[in-house]
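Below is one structure, written out as structure tokens, with a few remarks after it.
The values are calculated or read from the model by the stated rules, or taken from the named source; none is laboratory data. Fair warning: this is a prediction, and the values are worked out from it, not measured in the lab. Ideal geometry is used to build each Cβ from the backbone, glycine not excepted, and the neighbour counts take in all protein chains shown. SASA here: full protein model, heavy atoms, side chains in, ligands and nucleic acids out. Shrake-Rupley method; radii C 1.70, N 1.55, O 1.52, S 1.80 Å.
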Amino acid sequence: MTIVARSLAAIKPSATIAITQMARVLKSSGVDVISMSTGEPDFDTPDHIKDAAHDAIRRGETKYTPVAGIPELRQAIVAKFQRENGLSYRVDQTIVGTGAKHIIYNALRASLNPGDEVIIPAPYWVSYPEMVAICGGVPVTVPTRMEYNFKLQADDLRQAITPRTKWVFLNSPSNPSGAAYTHDELKLITDVLKEFPHVWLLTDDMYEHLVYGDFQYVTAAQIEPSLLDRTLTVNGVSKAYAMTGWRIGYAAGPKELIDAMILLQGQQTSGTSSIAQWASVAALNGPQDHLDVFREAFDERRQLITSMLNQANLLSCLKPEGAFYVFPSCERTYGKTTAGGRLIQNDEDFVSALLEEKAVATVHGSAFGQPGNFRLSYATSLEEVRRACIRIQEFCGDLR
């Protein structure tokens with residue numbers, strides 16, 4: 001008899017973590033691995049944020065914190081949503097968690113009953129369907145298409161909604177595709193949701209500040225205020241402030257849901273790190289100048305990686321509007337044989353052979369619910385992007 005719960009049998013380990021670990025093992029053995037698998041900015045946390053953490057330690061801010069977050073951070077979250085998104089929340093409609101993943105999990109655990117359905121557009125962040133399943137829900141994947149830039153179409157959403165639908169997830173800009181919804185594209189989605197008052201919306205806005213060119217970011221509740229009472233708007237400091245290791249995510253939404261999440265968190269993890277919370281106050285309230293530096297660097301890499309991948313034999317790559325990922329198609333490589341003699345039959349074969357033969361770590365699209373593609377993160381130096389793309393071009397050029 002096993003100690004492991006039967007409910008875990010259907011849960012898959014994170015593919016992004018698995019690929020990253022494989023790359024680390026190869027690198028530790030002396031292989032010159034170029035890792036394009038990790039969604040983590042290569043920038044350091046801005047100094048004023050680190051200084052705020054030091055100041056908090058010196059002030060003795062090292063005790064337990066309130067379950068929902070320190071008042072100063074919750075107020076900063078209210079101010080951020082009003083200032084940047086035109087959304088009006090009270091402090092008691094906010095919650096702070098140990099990363100956005102923690103926030104999303106708590107929202108699902110606090111709201112799902114067995115059999116409730118959650119609509120998740122594919123490609124999706126790998127953890128979405130697994131978290132839904134852990135919480136007793138049914139993940140309903142709605143495929144998107146490359147010709148629509150991997151964006152959910154209104155008619156597809158409408159057809160997927162049933163009386164059992166509890167949530168719809170939207171991630172814009174997207175991990176893994178980098179696709180971001182314009183105002184008009186998002187309006188079509190919110191118009192559908194207005195037709196179904198029993199359906200709630202969870203918007204994962206983690207990459208909000210990483211959009212490029214003339215793109216104007218909007219979030220769903222900003223477009224359709226009537227959805228505010230059934231929308232949970234999720235965000236965090238990990239990507240825009242290069243604070244992945246600080247582990248702070250946050251959300252705002254209807255008080256009934258937030259209260260349920262606080263109740264759950266109180267018996268689960270309690271409050272998050274006091275030092276990380278004070279650093280996050282400085283992140284949200286302090287200077288935002290670093291964002292222009294981040295965006296300029298990421299945009300330069302975006303231009304380079306898209307151009308070089310589209311020059312590779314048999315690959316096709318869209319230019320994303322945001323985040324720091326590209327999601328090229330490798331379907332035309334199927335049936336080809338690599339220089340090392342490996343037959344490529346699917347996207348997992350492609351990324352495995354690429355790692356083994358050219359030491360470039362990427363993640364197969366099937367892990368994100370989108371077979372036929374693979375994800376590369378350009379949250380690394382411009383030179384590393386260039387080196388990786390040269391190896392990919394060589395790999396694809398050798399296919400027969």
### Loop sites in region 33-123: trypsin sites (Lys or Arg not before Pro), DSSP, at most 16 other Cβ within 10 Å
59, 63, 90
### Message
Please report, in whole Å³, the volume per residue of the convex hull around the C-alpha atoms of region 124-177.
### Response
78 Å³
### Query
Rounded to whole Å and sorted largest first, what semi-axes of the equivalent ellipsoid does the C-alpha gyration tensor of region 78-160 yield via the square root of 5 times each eigenvalue?
25, 20, 12
### Query
Can you list the lysines whose alpha carbon is less than 23 Å from that of residue 80, not counting same-chain residues fewer than 8 positions off?
50, 101, 187, 239, 255
### Task
Compute log10 of I(q)/I(0) for region 32-98 with the Debye formula, placing one identical point scatterer on every Cα and leaving out solvent, at q = 0.14, 0.19 Å⁻¹, to two decimals.
-0.67, -0.97
### Message
Looking at the chain only, what percent of DSSP beta bridges run antiparallel? Nearest 5 please.
### Response
45 percent
### Task
For the chain, list log₁₀ I(q)/I(0) at each q in 0.07, 0.11, 0.13, 0.14 Å⁻¹, using the Debye formula over Cα point scatterers of equal strength and ignoring solvent, two decimals each.
-0.33, -0.82, -1.14, -1.30
### For region 321-400: rounded, prolate or oblate by the Cα gyration tensor [a/c cutoff 1.5]
oblate
### Task
Can you tell me the equivalent ellipsoid semi-axes for region 1-153? Use √(5λ) from the Cα gyration tensor, largest first, whole Å.
31, 26, 20
### Summary
For region 237-373, the per residue accessible area (1.4 Å probe, Å²) is 37 Å²
### Message
Ignoring everything except DSSP H segments at least 4 long, calculate the 222 nm mean residue ellipticity for the chain; use -39,500 (n - 2.57) per segment, divide by total residues, nearest 500.
### Response
-12000 deg cm²/dmol
### Task
With a 1.4 Å probe and every protein chain kept in, tell me what percent of the accessible surface of region 247-400 is carbon plus sulfur.
47 percent
### Message
For region 237-337, I need the span (max minus min coordinate) of the C-alpha atoms along each principal axis, in Å, sorted largest to smallest.
### Response
54, 35, 24
### Message
Kirkwood Rh over alpha-carbon pairs of region 96-233, then Stokes-Einstein at 20 °C and 1.002 mPa s: what D in µm² s⁻¹, rounded to an integer?
### Response
142 µm²/s
### Summary
The set of residues whose placed amide H lies less than 5 Å from the amide H of residue 231, leaving out same-chain residues fewer than 5 positions away, is 201
### Task
Return the single residue from 120, 57, 77 with maximal mean-square fluctuation; model: Gaussian network over the chain, springs between Cα atoms under 10 Å.
57
### Query
If the viscosity is 1.567 mPa s and the temperature 4 °C, what translational diffusion coefficient in µm²/s does Stokes-Einstein give for region 171-295 when Rh comes from Kirkwood over Cα pairs?
80 µm²/s
